[in-house]
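Worksheet for the structure shown next.
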Amino acid sequence: MRGRLRLCPYDALLKHLTGAGDLLDVGCGFGHLAWYLASQQPRLRYFGTDIDSRKINLARGSLAGAEARPEFHPGDARELVGLPARFGNIVFLDVLYLMPWDMQKRMLAWAFSRLAPGRESTLLIKTMDEARGFSGFRAVAEEWIMVRLLGRTLSSGALNGARPLSDYLDHARALGFRGESESLGTFNPSTILSFRRA
């Protein structure tokens, strides 16, 4: 958990999670965010999905006794049956850049369609910045090791499909959402993008 917080400081995410009710964590991995939210935002009902069933099984086991009772579902979030129809918050943390851009756009369009009505509902993305210089090379090398060499992370065809922030902002704007960005001071250069209805 300490290692995960160095790469993704969850406290920086909290102020962006303004939607009420349910939260969908797409690509939840081992459920680190569920652990964090159970103590920091117990008002949010947590749903985690991941295409890697190994990680889902570990997440379920690690939070079996948690009071907040998060739900974990293996598979593509877009195809799962039994999830709520709408979510106050939907998050993609270090997930989208593992997909080609066309797939990212389809996934985002689906997620925007599942946001609950109202201006407080939020779609949140944490993404690596475009690979530039040594830090960009290091970030791509780490993803290559995790995806290709160790097989710890499943990829949908890209190792660093991170796009210019303007691509995400323009795509959201075309779907009726306004976005804001915040640079994070993490080991690998990363940015938070938060989107709400325009």
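The values are calculated or read from the model by the stated rules, or taken from the named source; none is laboratory data. On a predicted model such as this, the values are computed, not experimentally measured, just so you know. Note: ideal-geometry Cβ built from the backbone for every residue, glycine included; neighbour counts use all protein chains shown.
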(message) Looking at Ala85, Ala59, Ala64, Ala38 in this structure, which one is outside any helix (DSSP H, G or I) and modelled with pLDDT under 95?
(response) Ala64
(message) Given the criteria modelled with pLDDT of 95 or more and either charged (D, E, K, R) or within 22 Å of Lys126 (Cα to Cα) (or both), does Asp25 qualify?
(response) yes
(message) Against the definition (over 30 Å from Arg173 (Cα atoms), in contact (Cβ under 8 Å) with a residue 12 or more places away in the chain and hydrophobic (A, V, I, L, M, F, W, C)), how does Leu58 come out, yes or no?
(response) yes
(request) Go through segment 67-95 and give me each residue that's touching a helix residue (DSSP H, G or I) at 6+ places or on another chain (Cβ under 9 Å), small (Gly, Ala, Ser) and buried (at least 19 other Cβ atoms within 10 Å of the Cβ). (result) Ala77
(message) If I go through segment 96-125 residue by residue, how many of them are buried (at least 23 other Cβ atoms within 10 Å of the Cβ) and over 19 Å from Gly176 (Cα atoms)?
(response) 3
(request) Consider Leu33 carefully, then state whether it is surrounded by 15 or more Cβ atoms within 10 Å (Cβ to Cβ) and either assigned to a helix (DSSP H, G or I) or in contact with a Ser or Thr (Cβ under 7 Å, 6 or more places away or on another chain) (or both). (result) yes
(request) Select from segment 1-22 the residues that are among the charged types (D, E, K, R) and at pLDDT below 90 and write down the one among them that is farthest from Leu184 (Cα to Cα). (result) Arg2
